[in-house]
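The structure under discussion appears below in the form of C-alpha cells.
The values are calculated or read from the model by the stated rules, or taken from the named source; none is laboratory data. Everything quoted here is computed from the prediction, not taken from an experiment. All Cβ positions, even for glycine, are placed from backbone atoms using ideal geometry, and neighbour counts span all protein chains on display. To get the accessible areas, we keep the full protein, side chains included, count just its heavy atoms, and leave off ligands, DNA and RNA. Shrake-Rupley method; radii C 1.70, N 1.55, O 1.52, S 1.80 Å.
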Amino acid sequence: MSTTTNTSTVSATSAAPAKGPGRRTLSLPVILLIIAGALGLVSLVRLISGANDLTSVGQVSGALELAIPIGLAGLGGLWAERAGVVNIGLEGMMVLGTWFGAWAGFQWGPWAGVLCGILGGALGGLLHAVVTVTFGVNHIVSGVAINILAVGATRYLSNFAFDGQDGGSSKQSPRIDSITDITIPGLADWMQDLQARHWFLVSDIAGVVGGLVTDLSLLTVVALLLIPGTWWVLWRTAFGLRLRSCGENPVAAESLGVNVYKYKYIAVTVSGGLAGLAGAFLAIVATGIYQEGQTGGRGYIGLAAMIFGNWMPGGLALGAGLFGFTDSLKLRGGAENVHAMLLLLAILLVLVLAWQLYQKKYVSAAISGAVSLLLFVWYLLTDQVPSQFVDAAPYVTTLLVLALSAQRLRMPKADGMPYRKGQGS
C-alpha cells in the first residue's frame, strides 16, 4: 500500500471525532430544525409581548451585519484549532484587518481594502504560527502578545497614515467607499409588506427572508459562502483530512508522511486571514471607517461562538447568529426588545427543565425552574429593563448558551498541546 494511502487511512482514523455516549453532531437537518423551532418560539413571544421589531426586516438585516465579523473570526479559530493550534490572537488579527483594510480602502477602493485586510490578518496568523509551531511558545501567551502588539502597532501607524488625510486622525481613517449592496426587487417589497402585518410565524419568516434580500452587501454574500466552503474543504477533501489529523494525533500523522508543521502553518495563516477579513468587514461594510478599538472584543466572542458550535462550521454559524441577533435587539428598540427576551429566556428554561426532569437530573432541573420563575416574575412586574442590562444582554446570552451546551463539547484531542517535529519517527 502506498504512503499516500496509509496517510489518508491513519488521518481518517485520527481525525474522526470520538463520540461519547449519546453524543450527536449538529447535522444540517438538526440545525434547520433548531432554527425552525427558535423562529416559532420567537414568534410566540412577539405576539405575547407586542415587541414587533423582534423579527422585522431591519432587525434581521442588522443581526446579519453584526454576526458576520463574529462568524468570520470564529471560522478563523476553527481552522487553527482543527490543526491543533489555539488562536487567542484572533482579536489582534481582527485589529490588523480593520487597519490595513481602511488604509488600502480609502486610497484604492473597498475591494483593495478587503484584500489588504486579509493580508494584514494573515501576517498576524503567520507570526502566531512561527512563535507557537516553530519555537513551541505557549499558545495563549503568544495570542495575548499578538493582541497587545496589534493595538500598539496600529495606533503608531495611524499617526502617519491617517492624521491630516481628508478628515482622518490618529484614531480614525478617512471615509471608505462602500461595497455594492444587493436588493432583490419585488421580493424585498413583498416580504416587507408581509412582515408589517404581524401574522404568527408567516410575518416572522417574511422578516427573515426580507432581511436576507434587502441591502445585502456583496462581501456579506462572500462571508456566508465561506461557511459551507470551510466545511467542504476540511471535511470532504484529502487536504482537510490531513489538516484535521494534525489536531487529533500529529504523531500518527507524521509517522505516515504528513508534514505536520506545514499543515499547522497553513491553518494558522488562513485563520489570521479570516480574522483579518472580519476586521475589514467592520471597517468597510459595517461602519465605512476605521476607528481605534472598533473590534470591541469580537475576536474573543468569535472564539466563544466556535466553542458553542463544537468546533463545527454549522454550530459556529448558529452561535454567531445568536450573538448578532441579541446585539441587534439592543440597537433597535433597546429596552422593549430586551424586555421581551426575558420572556423568551423564561420559556426556554421551562423546556430545559422538562428535558432535565426526563434525564432525572433533579438538581439541575431545580436550578432551571428557579431561574425561569424569577425571569417570569421580572417580566410580569416590569415594562422595561435597566439600560445597563440592555448593554450586557448579548454577553449574558452568550454565557448562558455556552453554559447550557458545555456538556456536549469536544475539542480536537491535540488542540493546544506542544508538538515537536520528529516525535513520530
Residue satisfying condition, being assigned to a loop (DSSP other than H, G, I, E, B) and touching a Lys or Arg at 6+ places or on another chain (Cβ under 8 Å), within set Asp204, Asp177, Asp166: Asp166
What's the total number of residues in region 349-376 that are open to solvent by 90 Å² or more (accessible area, probe 1.4 Å) and of a type in the set (D, E, K, R)? 1
Conditions: (1) part of a loop (DSSP other than H, G, I, E, B); (2) under 16 Å from Ser61 (Cα atoms); (3) among the aromatic types (Phe, Trp, Tyr). Trp311 meets all but one. Number of the miss? (2)
Of all residues in region 229-274, count the ones that are in contact with a Pro (Cβ under 6 Å, 6 or more places away or on another chain) and among the polar types (S, T, N, Q). 1
Filter region 306-334 down to residues that are modelled with pLDDT under 90 and open to solvent by less than 20 Å² (accessible area, probe 1.4 Å), then give me how many there are. 10
Any residue in region 333-355 that's more than 13 Å from Asn52 (Cα to Cα): show its pairings with residues that are open to solvent by 20 Å² or more (accessible area, probe 1.4 Å) and of a type in the set (D, E, K, R) at Cβ separation under 8 Å, as long as the two are six or more apart or on different chains. none
Flagged in region 142-163 as assigned to a helix (DSSP H, G or I), hydrophobic (A, V, I, L, M, F, W, C) and open to solvent by less than 50 Å² (accessible area, probe 1.4 Å), in numbering order, are Ile146, Ala150, Ala153, Ala161
Just checking, how many residues over region 363-393 are closer than 20 Å to Arg332 by Cβ and aliphatic (A, V, I, L, M)? 4
So Tyr379 ticks every box in (1) closer than 29 Å to Met306 by Cβ; (2) surrounded by 17 or more Cβ atoms within 10 Å (Cβ to Cβ); (3) of a type in the set (Phe, Trp, Tyr) but one. Which box is left unticked? (1)
Of all residues in region 264-305, count the ones that are among the aromatic types (Phe, Trp, Tyr) and either open to solvent by less than 10 Å² (accessible area, probe 1.4 Å) or touching a Phe, Trp or Tyr at 6+ places or on another chain (Cβ under 7 Å) (or both). 2
So which pairs qualify, if the first residue must be in region 285-301 and part of a helix (DSSP H, G or I), the second must be open to solvent by 50 Å² or more (accessible area, probe 1.4 Å), the Cβ gap must be under 6 Å, and the two must be at least 6 apart or on different chains? Ala286/Glu65
How many residues does region 43-54 hold that are in a helix (DSSP H, G or I) and open to solvent by 10 Å² or more (accessible area, probe 1.4 Å)? 6
Condition broken by Ala36, with the remaining ones in (1) open to solvent by 50 Å² or more (accessible area, probe 1.4 Å); (2) touching a residue at least 60 places away in the same chain (Cβ under 8 Å) satisfied: (2)
Residues in region 128-141 that are under 14 Å from Leu90 (Cβ atoms) and surrounded by fewer than 22 Cβ atoms within 10 Å (Cβ to Cβ): how many? 1
Taking region 371-425 as the region of interest, how many residues are modelled with pLDDT under 85 and either of a type in the set (Phe, Trp, Tyr) or in a helix (DSSP H, G or I) (or both)? 22
Starting from region 401-425, keep only residues that are within 17 Å of Trp355 (Cβ to Cβ) and of a type in the set (D, E, K, R), then list their pairs with residues that are assigned to a loop (DSSP other than H, G, I, E, B) and modelled with pLDDT of 80 or more whose Cβ atoms are within a distance under 7 Å, requiring at least 6 positions of separation or different chains. Arg408/Asn310
Within region 80-93, of all residues that are part of a helix (DSSP H, G or I) and in contact with a Pro (Cβ under 7 Å, 6 or more places away or on another chain), the one surrounded by the fewest Cβ atoms within 10 Å (Cβ to Cβ) is Glu81
Set Trp99, Trp190, Trp103, Trp111: member being farther than 19 Å from Ala280 by Cα and assigned to a helix (DSSP H, G or I): Trp190
Failed condition for Ser178, given (1) in contact (Cβ under 8 Å) with a residue 40 or more places away in the chain; (2) of a type outside the set (A, V, I, L, M); (3) touching an Asp or Glu at 6+ places or on another chain (Cβ under 8 Å); (4) more than 27 Å from Ala51 (Cα to Cα): (3)
Quick one: what pairs do we get from region 264-277, first residue over 14 Å from Glu81 (Cβ atoms), second of a type in the set (A, V, I, L, M, F, W, C) and open to solvent by less than 10 Å² (accessible area, probe 1.4 Å), C-beta under 6 Å, 6+ apart or different chains? Tyr265/Ala129; Gly276/Met93; Leu277/Leu72
Sort through Leu78, Leu119, Leu64 and tell me the only one that's touching a residue at least 12 places away in the same chain (Cβ under 8 Å) and more than 19 Å from the chain's Cα centre (by Cα). Leu119
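Here is a yes/no grid of residues against (1) in contact with a Ser or Thr (Cβ under 8 Å, 6 or more places away or on another chain); (2) at pLDDT 95 or above; (3) open to solvent by less than 60 Å² (accessible area, probe 1.4 Å); (4) closer than 30 Å to Arg46 by Cβ:
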residue: Gln192; (1), (2), (3), (4): yes, no, no, yes
residue: Gln195; (1), (2), (3), (4): yes, no, yes, yes
residue: His198; (1), (2), (3), (4): no, no, no, yes
residue: Asp204; (1), (2), (3), (4): yes, no, yes, yes
residue: Asn259; (1), (2), (3), (4): no, no, no, no
